[in-house]
Each structure stands twice: as structure tokens, then as C-alpha cells.
1. Just checking, which of Ile94, Ile72 is more than 21 Å from Gly104 (Cα to Cα) and touching a helix residue (DSSP H, G or I) at 6+ places or on another chain (Cβ under 7 Å)?
2. Name the residues in the stretch 72-84 that are in a helix (DSSP H, G or I) and in contact (Cβ under 8 Å) with a residue 60 or more places away in the chain, would you?
3. Would you check which residues across the stretch 116-140 are in a helix (DSSP H, G or I), under 17 Å from Thr42 (Cα atoms) and either among the basic types (Lys, Arg) or within 10 Å of the ligand (Cβ to nearest atom) (or both) and list them?
4. Name the pairs: first residue in the stretch 95-111 and at pLDDT 95 or above and aromatic (Phe, Trp, Tyr), second residue surrounded by 13 or more Cβ atoms within 10 Å (Cβ to Cβ) and not in a helix (DSSP H, G or I), Cβ to Cβ under 9 Å, at least 6 apart or on different chains?
5. Is one or more of the residues making up the stretch 34-49 part of a loop (DSSP other than H, G, I, E, B), within 12 Å of the ligand (Cβ to nearest atom) and small (Gly, Ala, Ser)?
6. Suppose we filter the stretch 90-115 for residues that are of a type in the set (A, V, I, L, M), more than 9 Å from the ligand (Cβ to nearest atom) and assigned to a helix (DSSP H, G or I); how many remain?
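The values are calculated or read from the model by the stated rules, or taken from the named source; none is laboratory data. Keep in mind that this is a model prediction, so the values were computed, not measured. Here Cβ is always computed from backbone atoms with ideal geometry, including for glycine, and neighbour counts include all displayed protein chains.
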Amino acid sequence: MKKQYIRIAPAIFVLLAVVSLQFLIVSTTRGHGDVAPQAVDTEGLEPLGSDFLEENPYRLAGGEQYELAIEIGASGYNQNCARCHGLEAISGGIAPDVRLLEDGILGDEWFMERVRKGYSQNGAYKMPSFQELLSQEAMWAIRSYTETRPKPE
Ligand code: HEC
């Protein structure tokens with residue numbers, strides 16, 4: 001029992017360090033609300049493995065997978081992105097309106113680039129990287145949600 005604890009202790013420490021780092025980055029930037037970033041439960045979505053795909057697999061699958069992805073993505077978006085990009089993906093001006101991304105694979109590539117790597121300018125964080133926090137499944141679920149929001153007039 002004790003031995004087992006010693007084995008998992010470093011993993012827990014690393015996990016806590018990553019989570020608190022994310023929180024630190026996000027809490028230094030202002031936005032809507034103060035919801036802490038959240039890992040997203042993607043149960044029911046087809047697992048995607050660790051190689052990053054170029055195109056939204058849930059849109060390609062269509063049907064119930066796509067519907068479930070949109071639903072999961074809505075809560076994932078509200079927990080992790082709305083503070084900057086606006087509730088229901090309607091930008092309040094702090095960060096770009098993600099509904100304006102291109103449809104299809106071009107928008108997919110740009111979306112994944114930003115979400116995985118984040119963005120900083122002159123050493124200042126503008127957007128955190130979500131690589132450590134969100135699974136690939138969660139990222140595509142959020143993309144499914146934002147790409148199906150009605151575009152602004
Ligand atoms: C701390 C604020 C913040 C959070 C949280 C945040 N973003 Fe961003 N995001 C930004 C800013 C600022 C930019 C603009 C960066 C630039 O100038 O290219 C941006 C850019 C983007 C872009 C590129 C938009 C474009 O038109 O080029 C996408 C896509 C994006 N974010 C998606 C997301 C998603 C999805 C999440 C949640 C998982 C998220 N962001 C969370 C601040 C944030």
C-alpha cells in the first residue's frame with residue numbers, strides 16, 4: 001500500500017503542477033467570469049489515439065457522433081474558452097470571434113494550432129496552450145460546437 005503511494009506520488013505532483021500553471025496563466029488575463037479551466041469528459045465519443053488529426057473526425061462521422069461532440073463541446077467551450085471568446089462563442093471583443101473561422105479542414109487546422117500551442121506576443125500570454133489540459137477528443141468536440149454556432153450577420 002505504502003509502496004504504491006510512493007510510486008504514484010510523483011505523477012500526482014506533476015499533474016498538480018500542470019493544473020496550477022494553467023490556472024496561473026489564465027488567471028493573469030481578464031475575461032468573462034472566473035471559471036477554472038476544466039478537463040472535459042468525452043465518454044461516448046470515438047477515441048482518437050495520440051496522433052493529431054487534420055480534420056474534425058466527428059464532423060466526418062456525422063450523425064449521433066457529431067451531435068454528441070457538439071453537446072460535449074458546448075460545455076467544454078463554456079468551461080475553458082468562454083471567459084475570453086465569449087459565451088456561446090459570441091465574442092465580446094477580448095479575443096477573436098471563433099465563429100468566423102473557415103469551415104472545413106482549413107478552419108480545423110488553424111483551430112488546432114491555436115488550441116494546442118496557445119499564443120503569446122512579445123513574451124506575454126494572450127491565450128494559454130490547452131495541450132496538457134484537453135484531450136484531442138475534447139478539442140474536436142469544442143471545434144464541433146464552435147463551427148455549428150450560427151455565424152454573425
Ligand atoms: C485567456 C484568454 C483566452 C482563452 C482562455 C482562450 N483563448 Fe483563444 N485566443 C485568445 C486570444 C487573445 C486570441 C488571439 C490571438 C491572436 O492574436 O492570434 C485567441 C485566438 C484563438 C483562435 C484563433 C482565432 C483566429 O481568428 O485566428 C482560436 C481558434 C482560439 N483562440 C480558440 C480557443 C479555444 C477553443 C479556447 C478554449 C479551449 C480558447 N481559445 C481559450 C484568448 C484566449
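1. Checking each option against the conditions leaves just Ile94.
2. Of everything in the stretch 72-84, those that are in a helix (DSSP H, G or I) and in contact (Cβ under 8 Å) with a residue 60 or more places away in the chain turn out to be Ile72, Gly73, Ala74, Gly76, Tyr77, Asn80.
3. Matches in the stretch 116-140: Ala138, Met139.
4. Trp110/Leu101; Phe111/Asn56; Phe111/Leu101
5. Yes - at least one qualifying residue is present in the stretch 34-49.
6. The qualifying residues number 2.
Residue-by-condition table, conditions (1) modelled with pLDDT of 65 or more; (2) closer than 16 Å to Val115 by Cβ; (3) surrounded by fewer than 14 Cβ atoms within 10 Å (Cβ to Cβ):
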{"position": "Phe13", "(1), (2), (3)": "yes, no, yes"}
{"position": "Val19", "(1), (2), (3)": "no, no, no"}
{"position": "Val35", "(1), (2), (3)": "no, no, yes"}
{"position": "Ala39", "(1), (2), (3)": "yes, yes, no"}
{"position": "Pro57", "(1), (2), (3)": "yes, yes, no"}
{"position": "Leu60", "(1), (2), (3)": "yes, no, yes"}
{"position": "Leu68", "(1), (2), (3)": "yes, no, no"}
